[in-house]
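Below is one structure, written out as C-alpha coordinates; the observations come after it.
The values are calculated or read from the model by the stated rules, or taken from the named source; none is laboratory data. Given the structure is predicted, the values throughout are model-derived calculations rather than measurements. FYI the Cβ positions are ideal-geometry reconstructions off the backbone, even for glycines, and counts take in every protein chain you see. Side chains included, ligands, DNA and RNA excluded: accessible areas come from the protein's heavy atoms. Shrake-Rupley method; radii C 1.70, N 1.55, O 1.52, S 1.80 Å.
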Amino acid sequence: ENGDVVEGKTDVTYVYEKAGSVIVNYQTEDGTPLEGTADGANVASGAKDTTDAKAGTDYNTADNGMKPNHITTAEGKVYELVPASTKGNETGDVEAGKTTEVTYVYKEVKGNVVVHYTDEAGNTIAEDVKDTTDGSVSSAYDTTDNKPAKLEKDGTVYYLTAKELKDGSKPENGAVVEGTTEITYVYEKAGQVVLHYVDEAGNTLQADAVDIKDGKPGSKYDTSDNDMKPNRITTPEGKVYELIPQSTKGDETGTVESGQTKEVTYVYKEVKGNVVVKYEDTEGNVIAEDEKDETDASLNVKYDTADHKKDEITKDGVKYYLTAKA
(Lines give C-alpha, C1' and ligand atoms only; values in the text may rest on other atoms or scores of the structure.)
Protein backbone atom coordinates (compact mmCIF):
# COMPACT_ATOMS: atom_id res chain seq x y z
CA GLU A 1 0.00 0.00 0.00
CA ASN A 2 3.08 2.26 -0.25
CA GLY A 3 6.17 2.19 -2.60
CA ASP A 4 7.58 3.75 -5.78
CA VAL A 5 5.41 4.62 -8.70
CA VAL A 6 6.23 2.56 -11.79
CA GLU A 7 5.26 3.01 -15.38
CA GLY A 8 1.73 2.11 -16.08
CA LYS A 9 -0.95 1.55 -13.36
CA THR A 10 -0.35 0.23 -9.92
CA ASP A 11 -3.60 -1.10 -8.28
CA VAL A 12 -3.92 -1.13 -4.53
CA THR A 13 -7.11 -2.92 -3.38
CA TYR A 14 -8.45 -2.82 0.14
CA VAL A 15 -10.74 -5.71 1.10
CA TYR A 16 -13.77 -5.21 3.44
CA GLU A 17 -16.13 -7.56 5.18
CA LYS A 18 -19.73 -6.93 6.10
CA ALA A 19 -20.63 -5.85 9.60
CA GLY A 20 -22.46 -8.25 11.90
CA SER A 21 -25.34 -7.85 14.35
CA VAL A 22 -26.62 -9.56 17.47
CA ILE A 23 -30.32 -9.56 18.36
CA VAL A 24 -32.20 -10.93 21.35
CA ASN A 25 -35.57 -12.68 21.29
CA TYR A 26 -37.98 -13.48 24.13
CA GLN A 27 -40.45 -16.32 24.11
CA THR A 28 -42.50 -18.59 26.34
CA GLU A 29 -41.80 -22.27 26.81
CA ASP A 30 -44.18 -23.14 23.97
CA GLY A 31 -42.37 -20.77 21.59
CA THR A 32 -44.85 -17.89 21.73
CA PRO A 33 -43.12 -14.49 21.36
CA LEU A 34 -43.15 -12.57 24.61
CA GLU A 35 -43.58 -8.84 25.01
CA GLY A 36 -43.87 -6.71 28.08
CA THR A 37 -41.91 -4.60 30.50
CA ALA A 38 -38.94 -5.26 32.74
CA ASP A 39 -37.58 -2.75 35.21
CA GLY A 40 -39.71 -0.06 33.60
CA ALA A 41 -38.40 -0.66 30.07
CA ASN A 42 -40.21 -2.23 27.14
CA VAL A 43 -39.09 -5.70 26.15
CA ALA A 44 -39.79 -7.39 22.80
CA SER A 45 -38.22 -9.92 20.48
CA GLY A 46 -35.79 -8.55 17.92
CA ALA A 47 -34.10 -6.26 20.41
CA LYS A 48 -30.68 -5.24 19.08
CA ASP A 49 -27.80 -6.04 21.35
CA THR A 50 -25.14 -5.20 18.77
CA THR A 51 -25.78 -3.38 15.48
CA ASP A 52 -23.39 -3.16 12.52
CA ALA A 53 -20.47 -4.30 14.61
CA LYS A 54 -17.05 -5.18 13.29
CA ALA A 55 -16.58 -8.84 12.76
CA GLY A 56 -14.64 -10.41 15.60
CA THR A 57 -15.70 -7.93 18.25
CA ASP A 58 -16.92 -9.43 21.49
CA TYR A 59 -20.56 -9.37 22.50
CA ASN A 60 -22.39 -10.36 25.68
CA THR A 61 -26.19 -10.22 25.72
CA ALA A 62 -26.34 -10.72 29.48
CA ASP A 63 -24.50 -7.59 30.49
CA ASN A 64 -26.62 -4.71 29.18
CA GLY A 65 -30.09 -5.17 30.59
CA MET A 66 -31.28 -7.39 27.76
CA LYS A 67 -31.59 -10.45 29.96
CA PRO A 68 -34.30 -9.58 32.50
CA ASN A 69 -35.19 -12.17 35.12
CA HIS A 70 -38.88 -11.26 34.90
CA ILE A 71 -41.11 -9.86 32.19
CA THR A 72 -44.61 -8.53 32.89
CA THR A 73 -47.08 -8.58 30.00
CA ALA A 74 -49.70 -5.96 29.28
CA GLU A 75 -52.30 -8.29 30.84
CA GLY A 76 -50.33 -8.32 34.08
CA LYS A 77 -48.97 -11.84 33.73
CA VAL A 78 -45.44 -12.34 35.01
CA TYR A 79 -42.89 -14.58 33.34
CA GLU A 80 -39.64 -15.81 34.82
CA LEU A 81 -36.44 -16.61 32.95
CA VAL A 82 -35.55 -20.28 32.50
CA PRO A 83 -31.75 -19.99 32.17
CA ALA A 84 -31.28 -23.61 31.14
CA SER A 85 -33.56 -23.09 28.15
CA THR A 86 -31.65 -20.18 26.57
CA LYS A 87 -31.08 -20.70 22.85
CA GLY A 88 -27.94 -19.46 21.13
CA ASN A 89 -24.70 -18.16 22.56
CA GLU A 90 -24.99 -15.32 25.05
CA THR A 91 -21.33 -14.45 24.52
CA GLY A 92 -19.08 -14.70 21.48
CA ASP A 93 -17.67 -12.79 18.52
CA VAL A 94 -19.64 -10.87 15.96
CA GLU A 95 -19.63 -12.67 12.62
CA ALA A 96 -19.26 -10.81 9.35
CA GLY A 97 -22.50 -10.44 7.44
CA LYS A 98 -24.46 -12.46 9.96
CA THR A 99 -27.12 -11.74 12.52
CA THR A 100 -26.51 -13.78 15.62
CA GLU A 101 -29.69 -14.54 17.57
CA VAL A 102 -29.99 -15.27 21.27
CA THR A 103 -33.39 -16.37 22.55
CA TYR A 104 -34.30 -16.21 26.19
CA VAL A 105 -37.09 -18.56 27.29
CA TYR A 106 -39.53 -17.75 30.09
CA LYS A 107 -42.16 -19.62 32.02
CA GLU A 108 -45.21 -18.01 33.56
CA VAL A 109 -44.95 -17.33 37.28
CA LYS A 110 -48.02 -18.73 39.01
CA GLY A 111 -49.37 -18.84 42.52
CA ASN A 112 -51.81 -20.73 44.69
CA VAL A 113 -54.37 -19.51 47.20
CA VAL A 114 -55.28 -21.92 50.00
CA VAL A 115 -57.96 -21.46 52.67
CA HIS A 116 -57.58 -22.93 56.17
CA TYR A 117 -60.26 -23.37 58.85
CA THR A 118 -59.34 -23.43 62.55
CA ASP A 119 -60.92 -22.96 65.95
CA GLU A 120 -59.76 -20.22 68.32
CA ALA A 121 -57.05 -22.51 69.69
CA GLY A 122 -55.64 -23.04 66.22
CA ASN A 123 -56.94 -26.57 65.74
CA THR A 124 -57.99 -27.54 62.24
CA ILE A 125 -61.74 -28.12 62.00
CA ALA A 126 -62.14 -28.64 58.25
CA GLU A 127 -60.02 -29.64 55.28
CA ASP A 128 -58.13 -26.93 53.44
CA VAL A 129 -59.73 -25.59 50.29
CA LYS A 130 -57.77 -24.64 47.18
CA ASP A 131 -59.30 -21.36 46.14
CA THR A 132 -56.83 -20.75 43.29
CA THR A 133 -54.46 -23.28 41.75
CA ASP A 134 -51.69 -22.17 39.40
CA GLY A 135 -53.25 -18.75 39.06
CA SER A 136 -51.47 -16.07 37.09
CA VAL A 137 -49.52 -13.67 39.25
CA SER A 138 -51.37 -10.37 39.70
CA SER A 139 -54.72 -11.95 38.86
CA ALA A 140 -57.44 -11.29 41.44
CA TYR A 141 -58.58 -13.83 44.01
CA ASP A 142 -61.55 -13.77 46.38
CA THR A 143 -62.05 -16.46 49.02
CA THR A 144 -65.42 -15.26 50.31
CA ASP A 145 -67.15 -18.04 48.39
CA ASN A 146 -65.15 -20.47 50.54
CA LYS A 147 -66.17 -18.84 53.82
CA PRO A 148 -69.03 -20.87 55.34
CA ALA A 149 -70.79 -19.22 58.27
CA LYS A 150 -71.10 -22.57 60.04
CA LEU A 151 -69.00 -25.74 60.21
CA GLU A 152 -69.34 -29.05 62.01
CA LYS A 153 -66.64 -31.47 63.08
CA ASP A 154 -67.08 -34.64 65.11
CA GLY A 155 -70.54 -33.55 66.19
CA THR A 156 -69.43 -30.11 67.33
CA VAL A 157 -70.83 -27.07 65.58
CA TYR A 158 -68.69 -24.00 64.96
CA TYR A 159 -69.56 -20.48 63.83
CA LEU A 160 -67.35 -17.96 62.07
CA THR A 161 -66.07 -15.42 64.57
CA ALA A 162 -66.89 -11.74 64.23
CA LYS A 163 -63.23 -11.07 63.46
CA GLU A 164 -63.28 -13.84 60.83
CA LEU A 165 -59.58 -13.91 59.94
CA LYS A 166 -56.71 -15.22 62.03
CA ASP A 167 -54.03 -12.74 63.04
CA GLY A 168 -51.37 -12.78 60.35
CA SER A 169 -53.68 -14.25 57.72
CA LYS A 170 -53.55 -12.81 54.24
CA PRO A 171 -56.63 -10.80 53.17
CA GLU A 172 -59.62 -12.76 51.89
CA ASN A 173 -59.29 -11.01 48.54
CA GLY A 174 -56.31 -9.57 46.70
CA ALA A 175 -53.83 -10.38 43.95
CA VAL A 176 -52.16 -13.73 43.38
CA VAL A 177 -48.45 -13.72 44.10
CA GLU A 178 -45.74 -16.25 43.43
CA GLY A 179 -45.90 -19.17 45.83
CA THR A 180 -48.82 -19.90 48.13
CA THR A 181 -51.07 -17.30 49.69
CA GLU A 182 -52.72 -18.60 52.85
CA ILE A 183 -56.00 -17.33 54.25
CA THR A 184 -57.18 -18.66 57.63
CA TYR A 185 -60.74 -18.29 58.87
CA VAL A 186 -61.31 -18.70 62.61
CA TYR A 187 -64.39 -20.32 64.13
CA GLU A 188 -65.79 -20.58 67.65
CA LYS A 189 -67.80 -23.37 69.21
CA ALA A 190 -71.57 -23.14 69.38
CA GLY A 191 -73.30 -22.73 72.73
CA GLN A 192 -76.26 -24.45 74.36
CA VAL A 193 -79.06 -23.48 76.72
CA VAL A 194 -80.59 -26.32 78.75
CA LEU A 195 -83.55 -26.28 81.12
CA HIS A 196 -83.99 -28.39 84.26
CA TYR A 197 -87.22 -28.99 86.22
CA VAL A 198 -86.89 -29.94 89.87
CA ASP A 199 -88.86 -29.89 93.08
CA GLU A 200 -87.77 -27.98 96.16
CA ALA A 201 -85.56 -30.86 97.22
CA GLY A 202 -83.79 -30.91 93.87
CA ASN A 203 -85.49 -34.03 92.53
CA THR A 204 -86.07 -34.11 88.80
CA LEU A 205 -89.72 -33.77 87.82
CA GLN A 206 -89.40 -34.18 84.08
CA ALA A 207 -86.68 -34.59 81.47
CA ASP A 208 -84.38 -31.67 80.69
CA ALA A 209 -85.35 -29.51 77.73
CA VAL A 210 -82.98 -27.93 75.21
CA ASP A 211 -83.95 -24.32 74.66
CA ILE A 212 -81.02 -23.53 72.35
CA LYS A 213 -79.09 -26.24 70.55
CA ASP A 214 -75.86 -25.28 68.80
CA GLY A 215 -76.63 -21.60 69.08
CA LYS A 216 -74.42 -18.93 67.58
CA PRO A 217 -72.31 -17.20 70.23
CA GLY A 218 -73.69 -13.76 71.00
CA SER A 219 -77.22 -14.61 69.89
CA LYS A 220 -80.05 -13.84 72.32
CA TYR A 221 -82.08 -16.43 74.20
CA ASP A 222 -85.17 -16.29 76.41
CA THR A 223 -86.27 -19.52 78.06
CA SER A 224 -89.61 -18.07 79.15
CA ASP A 225 -91.01 -17.34 75.70
CA ASN A 226 -91.35 -20.73 74.04
CA ASP A 227 -93.58 -22.93 76.21
CA MET A 228 -90.58 -24.34 78.04
CA LYS A 229 -91.56 -22.70 81.31
CA PRO A 230 -94.75 -24.49 82.36
CA ASN A 231 -96.60 -23.14 85.36
CA ARG A 232 -97.56 -26.64 86.38
CA ILE A 233 -96.09 -30.09 85.87
CA THR A 234 -97.96 -33.34 86.38
CA THR A 235 -95.77 -36.37 87.01
CA PRO A 236 -96.56 -39.83 85.64
CA GLU A 237 -97.80 -40.71 89.15
CA GLY A 238 -100.34 -37.93 88.88
CA LYS A 239 -98.71 -35.53 91.31
CA VAL A 240 -99.02 -31.87 90.38
CA TYR A 241 -96.27 -29.32 90.92
CA GLU A 242 -96.50 -25.54 90.64
CA LEU A 243 -93.71 -23.18 89.57
CA ILE A 244 -92.03 -21.05 92.22
CA PRO A 245 -90.85 -18.11 90.05
CA GLN A 246 -88.59 -16.57 92.68
CA SER A 247 -86.70 -19.86 93.06
CA THR A 248 -85.59 -20.04 89.42
CA LYS A 249 -81.83 -20.66 89.14
CA GLY A 250 -79.75 -19.29 86.27
CA ASP A 251 -80.49 -16.55 83.76
CA GLU A 252 -83.73 -16.91 81.83
CA THR A 253 -82.51 -14.36 79.28
CA GLY A 254 -79.05 -13.59 77.98
CA THR A 255 -76.67 -14.38 75.17
CA VAL A 256 -75.31 -17.71 74.00
CA GLU A 257 -71.66 -18.23 74.95
CA SER A 258 -69.09 -20.05 72.83
CA GLY A 259 -68.50 -23.61 73.99
CA GLN A 260 -70.66 -23.13 77.07
CA THR A 261 -73.89 -24.79 78.19
CA LYS A 262 -76.01 -22.30 80.08
CA GLU A 263 -78.39 -23.93 82.55
CA VAL A 264 -81.69 -22.60 83.79
CA THR A 265 -83.40 -24.54 86.56
CA TYR A 266 -87.09 -24.08 87.28
CA VAL A 267 -88.13 -25.05 90.80
CA TYR A 268 -91.61 -26.35 91.66
CA LYS A 269 -93.51 -27.16 94.80
CA GLU A 270 -96.09 -29.89 95.01
CA VAL A 271 -99.70 -28.75 94.87
CA LYS A 272 -101.59 -30.49 97.68
CA GLY A 273 -105.13 -30.65 98.92
CA ASN A 274 -107.13 -31.31 102.07
CA VAL A 275 -110.35 -33.24 102.57
CA VAL A 276 -112.53 -32.06 105.47
CA VAL A 277 -115.73 -33.71 106.66
CA LYS A 278 -118.48 -31.46 107.99
CA TYR A 279 -121.66 -32.38 109.89
CA GLU A 280 -124.80 -30.22 109.55
CA ASP A 281 -128.51 -30.53 110.16
CA THR A 282 -130.98 -30.10 107.35
CA GLU A 283 -130.99 -26.36 107.99
CA GLY A 284 -127.24 -26.01 107.65
CA ASN A 285 -126.41 -25.74 111.31
CA VAL A 286 -123.18 -27.37 112.51
CA ILE A 287 -123.91 -30.29 114.79
CA ALA A 288 -120.38 -31.67 115.22
CA GLU A 289 -116.79 -30.56 114.81
CA ASP A 290 -115.15 -30.93 111.40
CA GLU A 291 -112.90 -33.90 110.91
CA LYS A 292 -109.81 -34.00 108.63
CA ASP A 293 -109.93 -36.94 106.31
CA GLU A 294 -106.84 -35.98 104.21
CA THR A 295 -104.26 -33.30 105.10
CA ASP A 296 -101.73 -32.01 102.51
CA ALA A 297 -102.43 -34.92 100.27
CA SER A 298 -101.07 -35.14 96.74
CA LEU A 299 -103.53 -34.21 94.05
CA ASN A 300 -105.29 -37.07 92.35
CA VAL A 301 -104.84 -39.31 95.40
CA LYS A 302 -108.06 -41.16 96.14
CA TYR A 303 -109.91 -40.26 99.29
CA ASP A 304 -112.80 -41.99 101.08
CA THR A 305 -114.70 -40.31 103.93
CA ALA A 306 -116.91 -43.28 104.64
CA ASP A 307 -115.04 -43.94 107.87
CA HIS A 308 -116.11 -40.47 109.05
CA LYS A 309 -119.76 -40.99 108.22
CA LYS A 310 -121.62 -41.25 111.54
CA ASP A 311 -125.05 -42.78 111.50
CA GLU A 312 -126.15 -40.60 114.40
CA ILE A 313 -124.92 -37.53 116.24
CA THR A 314 -126.12 -36.03 119.53
CA LYS A 315 -125.68 -32.35 120.24
CA ASP A 316 -127.04 -30.44 123.19
CA GLY A 317 -129.28 -33.41 124.09
CA VAL A 318 -130.75 -33.56 120.60
CA LYS A 319 -130.13 -36.65 118.53
CA TYR A 320 -129.62 -36.48 114.77
CA TYR A 321 -129.67 -39.29 112.25
CA LEU A 322 -127.89 -39.38 108.87
CA THR A 323 -130.34 -38.56 106.12
CA ALA A 324 -130.97 -40.93 103.30
CA LYS A 325 -129.43 -38.33 101.01
CA ALA A 326 -126.32 -38.28 103.21
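Report the residue count in region 166-221 for those that are open to solvent by less than 50 Å² (accessible area, probe 1.4 Å), within 30 Å of Val114 (Cβ to Cβ), touching a Leu at 6+ places or on another chain (Cβ under 9 Å) and not hydrophobic (A, V, I, L, M, F, W, C).
5
Mind telling me which of the residues Glu101, Glu120 ends up being surrounded by fewer than 19 Cβ atoms within 10 Å (Cβ to Cβ) and more than 14 Å from the chain's Cα centre (by Cα)?
Values: Glu120 fails: more than 14 Å from the chain's Cα centre (by Cα).
After applying the criteria, what remains is Glu101.
Within region 138-152, can you find the residues that are over 30 Å from Glu80 (Cα atoms) and surrounded by 16 or more Cβ atoms within 10 Å (Cβ to Cβ)?
Asn146, Lys147, Leu151
Go through (1) closer than 30 Å to Glu182 by Cβ; (2) among the basic types (Lys, Arg); (3) assigned to a loop (DSSP other than H, G, I, E, B) for Lys67 and report which single condition fails.
Lys67 satisfies every listed condition except (1).
Among the residues of region 151-204, write down those that are part of a strand (DSSP E or B) and free of Cβ contacts under 8 Å to residues at least 24 places away in the same chain.
Glu152, Lys163, Glu164, Leu165, Thr204
Within the group Ala55, Ala44, Ala19, which residue is without any contact (Cβ under 8 Å) to a residue 40 or more places away in the chain, of a type in the set (A, V, I, L, M) and surrounded by 10 or more Cβ atoms within 10 Å (Cβ to Cβ)?
Residue meeting the stated conditions: Ala44.
Return the total of residues in region 292-326 being in a strand (DSSP E or B) and open to solvent by 50 Å² or more (accessible area, probe 1.4 Å). Reasoning before the result, please.
At the first step, the residues of region 292-326 found to be in a strand (DSSP E or B) are 292-298, 312-315, 318-321.
Of the ones still in play, those that are also open to solvent by 50 Å² or more (accessible area, probe 1.4 Å) are 292, 294-296, 312, 314-315, 318-321.
Of the residues in that region, 11 qualify.
Somewhere in region 262-271, is a residue part of a strand (DSSP E or B) and more than 45 Å from the chain's Cα centre (by Cα)?
Yes, region 262-271 contains at least one residue that is part of a strand (DSSP E or B) and more than 45 Å from the chain's Cα centre (by Cα).
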